[in-house]
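**Q** One structure, pasted below without further comment.
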Amino acid sequence: MAEATLSGGSGGTITIPFDTAGAAGLAQQALSSITSTLTFTPGGSVPNAPVGGGGALAIGPNGLPTGTVAVPSGYTAVVNTATAPVALVGGGESQIIISSSGGLNYFTGGGSDTVIAAGGDNLIGTSLSGDAGSRILAGVGNDTVVAASGNNTITAGGGSNLIGLGSGNNVVYAQGSDRIVAGAGNDTIGVESGNTTVWGGAGQLTFVGGSGNTTVAGGSGTATIFGGVGGGQFSGGAGGGNLIVSGEGASTVWGGGGNSQLFAAGAGGDVLVAGTGNQTLSGGSSTGNNTYFAGSGNNLIGGGVGDDNIFAGRGNATIFGGGGKDTFDFFKDLTGGPGSTITIGDFTIGQDKLAVIGFDNTPAELLASQQVQGATTTLILGDGTKVVLTGLAGVDSRIFG
């Protein structure tokens, strides 16, 4: 087990154990500026900080008095080795808080703080307004971090953590089974492992997935999402302009607001669902058998090399099935009717199929009424939807599945 150390006020050494060498190294680096240490004595009062700065307040295994204790101004660091939870409020300046596995409730005082917890179940919050931005490294316990303001960097440990982000531009690294609520700022969230759920806020959300199964729901803003190895469920923000790449595992992707781009990746077999407005759905880099749902806007859909199912929507769509044996699905209650045109750019007779379900005209009637102009064939479904097959100068019954 790795550890960070600090010279005690009476000449001894204070040791804080960490589960990882990286966390211990960060803590040791943060403590490198400490020049003197004052120890809180149970039954006494919290000592004032030494003149000139560079002082650390050491809290021993017996902890502090009950209730929340304000750290006096002037301290550079607080080192907590209490075996039970300790509640602290930081001073107005920037401070370093190093806590062992006993548990810590800490609220910043408006400065640019560094909080490193070795373990335990911790509650860490930043000031509601005017916070200069903090660096928070949670331990392996089940932690709650509320970053109300400021531009913060948060590294969650391996537990089940709850992280709430506020008005600042935050960066979050998640490693456990975490729940993360993005805020009004532009937030970047990266996941290493674990099953994580992320709710987007009003700002720009950027998410990079890891090895776990992840759920990301875009908020009222815009989302850029890269799914990880484990796959998951991803939806774009209502603000539109979303970019979502599914990742290697099986994923379901919803487009959100208009002018969004959805990409299937990997071999897991993804489901891509267009949102409102104009959307692009693509499986160009995917080797799986994917399913695509067009929406109410003007959609561009490109399948991958697998055997794909592509469902027409209420809007206009231009569709390229790609490689494989693709099925283009038309359901009466899902298509747009008169004024709706679905153009299929690479239909291959004998390989691809049309599934026409619920319409008044039969396949034989569709073939009898087909319109051929040059190398383009148009079928008109019973609700008025036009199906345009480019590159085909007439079709026969082999097109139907």
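**Q** Filter the stretch 167-187 for residues that are surrounded by 24 or more Cβ atoms within 10 Å (Cβ to Cβ) and either farther than 16 Å from T222 by Cα or of a type in the set (A, V, I, L, M) (or both) and give the result.
**A** Once the filter is applied, which keeps residues that are surrounded by 24 or more Cβ atoms within 10 Å (Cβ to Cβ) and either farther than 16 Å from T222 by Cα or of a type in the set (A, V, I, L, M) (or both), the stretch 167-187 yields V172, A174, D178, I180, A182.
**Q** So, one more: Looking at G321, G350 in this structure, which one is at pLDDT 95 or above, buried (at least 16 other Cβ atoms within 10 Å of the Cβ) and farther than 15 Å from T378 by Cβ? Steps first, please.
**A** On the way: G350 fails: buried (at least 16 other Cβ atoms within 10 Å of the Cβ).
None of the others qualify; the one that does is G321.
**Q** Here is a follow-up. Going by what's in this entry, would D307 be described as farther than 21 Å from G394 by Cα, touching a Lys or Arg at 6+ places or on another chain (Cβ under 7 Å) and surrounded by fewer than 22 Cβ atoms within 10 Å (Cβ to Cβ)? First the steps, then the outcome.
**A** Numbers: farther than 21 Å from G394 by Cα: yes; touching a Lys or Arg at 6+ places or on another chain (Cβ under 7 Å): yes; surrounded by fewer than 22 Cβ atoms within 10 Å (Cβ to Cβ): yes.
Criteria met by D307.
**Q** Among the residues of the stretch 324-344, how many are surrounded by fewer than 20 Cβ atoms within 10 Å (Cβ to Cβ) and among the polar types (S, T, N, Q)?
**A** Residues flagged as surrounded by fewer than 20 Cβ atoms within 10 Å (Cβ to Cβ) and among the polar types (S, T, N, Q) within the stretch 324-344 amount to 3.
**Q** Within the stretch 48-72, track down each residue that is closer than 15 Å to D113 by Cα and exposed (fewer than 14 other Cβ atoms within 10 Å of the Cβ).
**A** If the condition is that a residue be closer than 15 Å to D113 by Cα and exposed (fewer than 14 other Cβ atoms within 10 Å of the Cβ), then A70 is the only one that fits.
**Q** When S45 is evaluated against the numbered criteria (1) surrounded by 13 or more Cβ atoms within 10 Å (Cβ to Cβ); (2) in a loop (DSSP other than H, G, I, E, B), which criterion, by number, is the only one it fails?
**A** Just one mismatch for S45, condition (1).
**Q** Are there any strands (runs of 3 or more DSSP E) wholly within the stretch 123-225 with 1 or more residues that are at pLDDT 95 or above and of a type in the set (F, W, Y), and if so which? Walk me through how you get there before you give the answer.
**A** On the way: elements: 123-125, 135-137, 144-147, 153-155, 162-165, 171-174, 179-181, 187-191, 197-199, 204-208, 214-217.
Fully inside the stretch 123-225 and qualifying: 171-174, 197-199, 204-208.
**Q** Inspect all residues belonging to the stretch 260-271 and state whether any of them is over 23 Å from T335 (Cβ atoms), of a type in the set (V, I, T) and free of Cβ contacts under 8 Å to residues at least 24 places away in the same chain.
**A** The answer is no, given that none of the residues of the stretch 260-271 is over 23 Å from T335 (Cβ atoms), of a type in the set (V, I, T) and free of Cβ contacts under 8 Å to residues at least 24 places away in the same chain.
**Q** Pull out all pairs, ordered by first then second residue, where Cβ-Cβ is under 9 Å, the residues are six or more apart or on different chains, the first lies in the stretch 362-378 and is surrounded by 12 or more Cβ atoms within 10 Å (Cβ to Cβ), and the second is part of a loop (DSSP other than H, G, I, E, B) and of a type in the set (S, T, N, Q).
**A** If the second residue must be part of a loop (DSSP other than H, G, I, E, B) and of a type in the set (S, T, N, Q), the pairs left are T377/Q370; T378/Q370.
The values are calculated or read from the model by the stated rules, or taken from the named source; none is laboratory data. Being a predicted model, the structure only gives us computed values, none of them experimental. Because the Cβ atoms are built from the backbone with ideal geometry, glycine has one as well, and the counts that use them run over all protein chains shown.
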